[in-house]
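Worksheet: the structure to be examined is printed underneath.
The values are calculated or read from the model by the stated rules, or taken from the named source; none is laboratory data. Only a predicted model underlies this, so the values are computations on that prediction, with no experimental measurement involved. Cβ placement follows ideal geometry from the backbone for every residue including glycine, while neighbour counts extend to all protein chains displayed.
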Amino acid sequence: MADKAHTPQKSPQRRHHANHHANHHANHHANHHANHHTNHHTSHHNGYHISHHNSPHTSHQAGRLLLLATLGFMATGVHAAGVQASGTPADEVRAAETQTTRAGMADAPAADMQTANMQRADMQAAAGTQDSGTQAADGVFALGTVTVSDTRDGGQTSGESTLRQQAIARHNADTVADATRLLPGVSLSRNGRNEEMINLRGFDPRQVPVFVDGVPLYVPYDGYVDFGRFTTFDLAEIRVARADASLLYGPNTLGGAINLVTRKPVRPFEGDVRLGLGSGQTRKAAVNLGGRQQGWYYQLGASRLDADTFPLPHGFRDYKRTPTDTGHSRANAARTDNRLSFKLGLTPNATDEYALGYVRQRGEKGNPVYTGRSTQRNAVRYWRWPYWDKDSVYFVSSTRLNADNALRVRLYHDTYKNGLDMYTDATYSQHSPTSSYRDTSKGATLEWANARWKGHDLRLAAHYKTDTHDDTGRYYRDVTTSLVAEDTLTLSDRLHLALGASHEKRDAKWVWQWPTGSASATNGRARLGWSLTPQGDEVYVALSHRTRFPTIKDRYSARMGRALPNPDLRPETANHLEVGITGQPWTGATGQAAVFHSRVSNLIQTAVVPSTSCGGTTCEQAQNISRARNQGVELSLSQQFGHDWQADASYTYLDRTNLSDRSVVLLDTPRHRLFAAVRWQVHAQWALMSTVEAEQGRKVSFATARTNTWRDPGGYGVVGLGATWTPRSDVSLDVGVNNIGNRWYELADGLPMPGRTWFINGTYRF
């Protein structure tokens, strides 16, 4: 491992992470709240999507040549990275943009999918379309998707990458963190609280909120999410929208949005059972049951994910003065996550739908101890999380009012409870009183779609959300409102212009001890797309202005007496520009290429201010003191080679600069990241697969006794191998090995990633 020390830096982002829970433990956002399914718009089958379809586009050879040249550049970049993939399935890494359909997928062997109908459904779902004749053939809860307003011919949506459930399962991606790493533009990071963070083009979870079926998930206190607590067993797909995300998602989409879309039954009775074992005494069990009857449906999911530890890699060393990880497995790394979900839907006619759902999640986990060289007093923590509980209930509906108008409603109530035990040493025999808190979110959204005027797809929405944080009797309550308008104009049969604007306001209604406050923000987006071919090839340019309101923690946390509150913090803002091309450059291939540039202002960072309130001469305080620039290139390509071979690759180059102080390094994101996969259908019943994941240029926080510095943990490349046996259409067995080379690598200082791991999963579908 390359390990280079550097000059001291303020590293506010890391400081925030380091202090995050110490003053308020549990910021465990991971609010897995499938609460309230919603915001679908592209729901053709329920009549919600009512925009006028356009005439077919004519072929444009020049566009194909442009796309071919761009993807040729991508191939050069992949080769230059020195990574060569050899083996992963066609439908597995569905990282191609949802606005493109996979050419050649229909020719894939039946054993590779499930049935030819499922193949077509996969393509439709990946493209954001639904065939009214096979309304639920893709098994996706239509009301749970958020419509990007610039839908083109066929209902395709732009700016989103989609990962289907089949791909998630084959890659053994049991959590959302494991799954999203397959998508372009996404990278993972870890913090000292054993939480897994997702970064999208350099924006962290506070700036890229997570939704379940269109309903926001973030923890009101600090806005963070532990993506490692979100299991994937009951999901139909994961959609990642970047800076051009629809404003219909609601407030705080500074850098994009991630939407977890749940399942929906297709047949009168259907389901699956999944059992698995893996390294570190990993055990998993999941069952999904559903049925569609005339006029109604139900969907039930139950799962348990258990692990005692994970194997340490070759060459690992615990550098602490008193090592705690001296064996072959990581100490204090146990986890348990139980999840129950239920949805009952009513479809009284061909256009209307009403659904009521409930999600219950119970979890606990250990917090592996820091193993690095830091001499900072708080670097070593003996923590455990005895409970991580979440209950969500929701109602969502879509009603066709008349030929030109439709109304969508969603209501939700979510509770989240979290506890932290802080022990005195590695014996875990004595701890201080459990630190706990309870967060509650309640909200409603009304959305109106109108297609009265030819050439327009107009949508208006109003959001209301109240967030309450209870910190042992210290109450905080925020109320956030938003008004949104989006319209897609069909300028010609090839040219489409999407325009959107929103105005948002956040009011602090209850604040323990400190003054209340309010803030408002205006957002906007514009996207111009030129269709090159009838197959969906497109060149586009997108502009947007986004904001993020400061959290309760940002404004009021005293950080265990070390900080002063700042209720007057302004929202963070970002201006985005993206130019890209997407489509099918040749037979059997889909791809996309994008160049992006983002300027962020009013970044909230920790400053040192003169004050005697913290027991000395200075205090810390969150302030709007920084500007940053995120820019780069994002490329992806999927290629079907005949009936037997499928290759996928995605590459992201990300350059982040602190414009306020270039000596302060922005942390936790790699400069180069590559994911590649290949699948070989050896036989009708057998498939082999291989994956390669590599990154370089990540910088992580490294604190000494007196200063915060940073270090480069070094680049890495890990290889995975797997096989799938499908003896019958309803039975499959997956086996695999990850990190075959047993490579020691880290995403955060002193927190090693797993070494060589194995898994075996069996699935029965009915």
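Starting from residues that are out of contact with any helix residue (DSSP H, G or I) (no Cβ under 8 Å at 6 or more places or on another chain), more than 30 Å from N602 (Cβ to Cβ) and hydrophobic (A, V, I, L, M, F, W, C), keep the ones in the range 637-682 and report whichever is surrounded by the fewest Cβ atoms within 10 Å (Cβ to Cβ). The residue in question is V682. The combined condition, being surrounded by fewer than 17 Cβ atoms within 10 Å (Cβ to Cβ) and in contact with a helix residue (DSSP H, G or I) (Cβ under 6 Å, 6 or more places away or on another chain), is not fulfilled by W586.
Considering R656, R662, which residue is at pLDDT below 95 and either closer than 27 Å to L200 by Cα or in a loop (DSSP other than H, G, I, E, B) (or both)? Please lay out each step first, then the result.
Values: R656 fails: at pLDDT below 95.
Exactly one residue qualifies, and that residue is R662.
Among the residues of the range 749-766, write down those that are of a type in the set (S, T, Y) and in contact with a Gly (Cβ under 7 Å, 6 or more places away or on another chain). Within the range 749-766, T757 is the sole residue that qualifies. Evaluate the range 676-688: report whether one residue or more is touching a Phe, Trp or Tyr at 6+ places or on another chain (Cβ under 7 Å), more than 30 Å from V731 (Cβ to Cβ) and outside any strand (DSSP E or B). No, the conditions are met nowhere in the range 676-688.
Please work out which residue is surrounded by the fewest Cβ atoms within 10 Å (Cβ to Cβ), limiting yourself to the range 304-315 and to residues that are in a loop (DSSP other than H, G, I, E, B) and not aliphatic (A, V, I, L, M). Don't jump to the end; show me each part of the working.
First pass over the range 304-315, keeping only residues in a loop (DSSP other than H, G, I, E, B): 308-310, 312-315.
Of the ones still in play, those that are also not aliphatic (A, V, I, L, M) are 308-310, 313-315.
Numbers: D308: 15, T309: 21, F310: 22, P313: 21, H314: 12, G315: 10.
In this case the residue turns out to be G315.
Restricting the range 466-476 to residues that are of a type outside the set (S, T, Y) and not in a loop (DSSP other than H, G, I, E, B) leaves a set whose member that is farthest from the chain's Cα centre (by Cα) is R474.
Within the group Y475, Y464, which residue is at pLDDT 95 or above, surrounded by fewer than 17 Cβ atoms within 10 Å (Cβ to Cβ) and of a type outside the set (G, A, S)? Steps first, answer last, please.
Numbers: Y475 fails: at pLDDT 95 or above.
None of the others qualify; the one that does is Y464.
Taking the conditions (1) in contact with a helix residue (DSSP H, G or I) (Cβ under 9 Å, 6 or more places away or on another chain); (2) closer than 25 Å to L183 by Cβ; (3) surrounded by fewer than 23 Cβ atoms within 10 Å (Cβ to Cβ); (4) among the polar types (S, T, N, Q) in turn, Q685 satisfies each one other than (2). The set of residues in the range 413-465 being part of a loop (DSSP other than H, G, I, E, B) and under 24 Å from V225 (Cα atoms) consists of T434 alone. For S732, state whether it is buried (at least 21 other Cβ atoms within 10 Å of the Cβ) and at pLDDT below 95. Considered against the rule, which asks whether it is buried (at least 21 other Cβ atoms within 10 Å of the Cβ) and at pLDDT below 95, S732 comes out as no. When the range 413-455 is filtered for residues that are farther than 30 Å from D325 by Cα, aromatic (F, W, Y) and modelled with pLDDT of 95 or more, only W448 remains. For G741, the requirement of being over 14 Å from T669 (Cα atoms), buried (at least 21 other Cβ atoms within 10 Å of the Cβ) and not aliphatic (A, V, I, L, M) is not met.
The residue of the range 218-239 that is surrounded by the fewest Cβ atoms within 10 Å (Cβ to Cβ), among those that are more than 27 Å from V273 (Cα to Cα) and hydrophobic (A, V, I, L, M, F, W, C), is V219. Within the range 603-632, restricting attention to residues that are surrounded by 18 or more Cβ atoms within 10 Å (Cβ to Cβ) and modelled with pLDDT of 95 or more, the residue that is farthest from T547 (Cα to Cα) is G632.
For the range 152-174, the condition holds for at least one residue, the condition being that it is out of contact with any strand residue (DSSP E or B) (no Cβ under 9 Å at 6 or more places or on another chain), at positive phi and either among the small types (G, A, S) or at pLDDT below 95 (or both).
Please work out if V479 is touching a Gly at 6+ places or on another chain (Cβ under 8 Å), β-branched (V, I, T) and assigned to a strand (DSSP E or B).
Numbers: touching a Gly at 6+ places or on another chain (Cβ under 8 Å): no; β-branched (V, I, T): yes; assigned to a strand (DSSP E or B): yes.
Answer is no for this residue.
For the range 230-259, the set of residues classified as assigned to a strand (DSSP E or B) and closer than 23 Å to T481 by Cα consists of A241, A257, I258, N259, listed by residue number.
Between A542, A485, the distinction of being at pLDDT 95 or above, surrounded by fewer than 20 Cβ atoms within 10 Å (Cβ to Cβ) and in a strand (DSSP E or B) belongs to A485 only. Does A167 satisfy the condition of being part of a helix (DSSP H, G or I), within 11 Å of the chain's Cα centre (by Cα) and either of a type in the set (V, I, T) or surrounded by 23 or more Cβ atoms within 10 Å (Cβ to Cβ) (or both)? It is false that A167 is part of a helix (DSSP H, G or I), within 11 Å of the chain's Cα centre (by Cα) and either of a type in the set (V, I, T) or surrounded by 23 or more Cβ atoms within 10 Å (Cβ to Cβ) (or both). Which residues, counting only those in the range 422-453, are closer than 19 Å to G473 by Cα and buried (at least 20 other Cβ atoms within 10 Å of the Cβ)? S435, Y437, D439, S441, listed by residue number.
Any residue at all in the range 369-376 that's among the aromatic types (F, W, Y) and more than 30 Å from V718 (Cα to Cα)?
So in the range 369-376, the residues among the aromatic types (F, W, Y) come out as 370.
Subsequent filtering for residues that are more than 30 Å from V718 (Cα to Cα) retains none.
The answer is no, given that none of the residues of the range 369-376 is among the aromatic types (F, W, Y) and more than 30 Å from V718 (Cα to Cα).
Kindly evaluate V225 against the criterion of being free of Cβ contacts under 8 Å to residues at least 60 places away in the same chain and assigned to a loop (DSSP other than H, G, I, E, B).
Values: free of Cβ contacts under 8 Å to residues at least 60 places away in the same chain: no; assigned to a loop (DSSP other than H, G, I, E, B): yes.
The answer is no for V225.
Where residues in the range 316-333 are among the basic types (K, R) and touching a Gly at 6+ places or on another chain (Cβ under 9 Å), which of them is surrounded by the fewest Cβ atoms within 10 Å (Cβ to Cβ)?
K320
State which residue is farthest from P220 (Cα to Cα) when the search covers only the range 493-503 and only residues that are modelled with pLDDT of 95 or more and surrounded by fewer than 23 Cβ atoms within 10 Å (Cβ to Cβ). Looking at the filtered set, the residue picked out is L495.
Of all residues in the range 574-599 being hydroxyl-bearing (S, T, Y) and assigned to a strand (DSSP E or B), which is farthest from N658 (Cα to Cα)?
Applying the filter and picking the extreme gives T590.
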